[in-house]
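Values in this text are rule-based calculations from the coordinates and carry no lab data. Just so it is clear, the structure is predicted and the values come from calculations on it, not from any experiment. Cβ: placed from backbone, ideal geometry, glycine included. Neighbour counts: every protein chain shown.
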Amino acid sequence: MAAALRCAQKALEEGEVPIGAVVVSDGRIISRGHNRRTKKQLATAHAEIEAIEKACKKLKSWRIPECELYVTLEPCPMCMGAALNARIKKVCFGAREDKGRSLTREIAGANLLNHTVEVEGGVMEEECSAILSEFFSSMRLREGKKRKNGGDKGEKGE
């Protein structure tokens with residue numbers, strides 16, 4: 001999870017929501033990913049998708065059942081679907097998604113595609129939560145300053 005946190009830090013440095021992911025096979029990291037939705041302007045540019053795609057390319061297979069996915073935030077339904085589709089054996093996540101946007105356990109145990117995914121949550125939860133909390137606190141502070149200063153009206157005050 002420490003490596004996934006380093007990926008999240010990279011996302012933060014790029015101005016992205018700080019989420020990082022790594023894929024591990026036989027105890028070795030074989031791929032890394034971080035959130036790039038803003039940079040790429042793609043709804044699918046999540047850390048998990050990037051890490052899974054790189055792992056599949058490296059292993060030359062869309063099925064990677066020997067692999068585990070470590071991600072700093074509980075995966076969204078799309079990312080759990082990708083893990084399930086890739087036949088990943090285990091997903092470990094740090095911070096919990098408490099706003100109801102995750103179906104991690106439901107998707108993992110649904111036996112879709114004749115496969116289930118083991119899930120472990122709360123791995124380095126405090127550290128994973130902290131980087132996200134700091135990012136969103138900083139974002140709210142910036143947005144508050146913008147509103148206080150009259151917003152972002154551009155050069156002509158439009």
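With an 8 Å cut-off on Cα pairs and a minimum separation of 6 or more residues, tell me the relative contact order of the chain in percent.
On the way: 311 pairs, mean separation 28.6, N = 158.
It rounds to 18 percent for the chain.
Just check region 23-132 against the gyration tensor rule for me: Cα atoms, a ≥ b ≥ c as the square roots of the eigenvalues, rounded for a/c under 1.5, and otherwise prolate or oblate depending on whether a/b exceeds b/c.
rounded
For Ile30, enumerate residues with amide H under 5 Å from its amide H, sequence gap 5+ or separate chain, H modeled in the peptide plane.
When sequence neighbours closer than 5 places are left aside, the close amide H contacts are Val23, Val24, Ser25.
Would you kindly derive the ³J(HN,Hα) couplings of region 42-58 from the backbone phi angles with the Karplus curve 6.51 cos²θ - 1.76 cosθ + 1.60 (θ = phi - 60°), listing them in order in whole Hz, with x for Gly and Pro?
The phi angles translate into 10, 5, 8, 7, 8, 4, 5, 4, 4, 5, 5, 4, 5, 5, 4, 5, 5 Hz.
Can you give the helix-only mean residue ellipticity at 222 nm for the chain, where every DSSP H stretch with n ≥ 4 adds -39500 (n - 2.57) and the sum goes over all residues, rounded to the nearest 500 deg cm²/dmol? Don't skip to the end; give the middle numbers.
Values: 6 runs with 67 residues, N = 158.
About -13000 deg cm²/dmol.
Taking amide H positions as placed 1.01 Å from N in the peptide plane, with prolines and chain starts having none, which residues 5 or more places from Phe93, or on another chain, fall under 5 Å of its amide H?
Val71, Glu120, Gly121, Gly122, Val123
Give me the Å³ per residue figure for the convex hull around the C-alpha atoms of region 73-130. Before the final figure, lay out each step's value.
Numbers: hull volume 3.8 nm³, N = 58.
Per residue, the Cα convex hull of region 73-130 comes to 65 Å³.
If packing is taken as the average number of other Cβ atoms within 10 Å across a peptide's residues, how do 10-18, 117-125, 35-43 rank, most packed first?
Put in order of decreasing packing, that is 10-18, 117-125, 35-43.
When you count, for each residue, the other Cβ atoms within 10 Å and take the mean per peptide, how do 106-113, 76-83 rank with the highest first? Spell out each step's value before the answer.
Numbers: 106-113: 14.1, 76-83: 20.9.
The most tightly packed comes first, giving 76-83, 106-113.
With θ set to phi - 60° and the Karplus curve 6.51 cos²θ - 1.76 cosθ + 1.60, what are the ³J(HN,Hα) couplings of region 70-75 in order, to the nearest whole Hz, using x for Gly and Pro?
10, 9, 6, 10, 3, x
Let me know the charge dipole size of the chain about its Cα centre in debye, to the nearest 20, where only the beta-carbon of Lys, Arg (+1) and Asp, Glu (-1) is charged.
About 580 debye.
Nearest 5 percent is fine: what portion of the DSSP beta bridges confined to region 1-132 is antiparallel?
60
Rounded to whole Hz and in sequence order, give me ³J(HN,Hα) for region 9-17 from the Karplus expression 6.51 cos²θ - 1.76 cosθ + 1.60, θ = phi - 60°, writing x for Gly and Pro.
Computed from phi, the couplings for region 9-17 are 4, 4, 4, 4, 4, 8, x, 9, 4 Hz.
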